[in-house]
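Quick notes on the structure that follows.
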């Protein structure tokens, strides 16, 4: 009986062997991938960035050149008035108030000038009356 079972198994394996031995049909050859799209063209990116930066610089220069002269004059006068007011406050000895006014106006160059002036003199606020 064992020999019969063994014979059947061998026959079954022999019958199935050719089916497994056959390789499946080859997969269709994929088209060649284009790896160029995976890389950044740095020369092109750099050229574009430089062009955009140059255009932005030209626009700023053009805006400055075409700015209204009256507006520039008005802004210069406002700066002059602030400087005179802060200068008078500091001259009267109130360095802290002068620095506060300059800082509030956003004129940080004036803030530094007040600090430099007041530290150089070292006159306390209380001594001036």
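Out of 61, 97, 55, which single residue is touching a helix residue (DSSP H, G or I) at 6+ places or on another chain (Cβ under 6 Å) and part of a helix (DSSP H, G or I)?
None of the others qualify; the one that does is 97.
Looking only at region 89-109, filter to residues that are within 17 Å of residue 120 (Cα to Cα) and exposed (fewer than 15 other Cβ atoms within 10 Å of the Cβ); which one of those is farthest from the chain's Cα centre (by Cα)?
92
Just the residues that are part of a loop (DSSP other than H, G, I, E, B) and loosely packed, with under 10 Cβ neighbours inside 10 Å, please, taken from region 64-88.
Filtering region 64-88 down to residues part of a loop (DSSP other than H, G, I, E, B) leaves 66-68.
Result: 66, 68.
Laboratory data are not the source of any read-out in this text; all were calculated from the coordinates shown. If you're wondering where the values come from, they're calculated on a predicted model, not measured in any experiment. With ideal geometry, Cβ positions are generated from the backbone for all residues, glycine too; neighbour counts draw on all protein chains shown.
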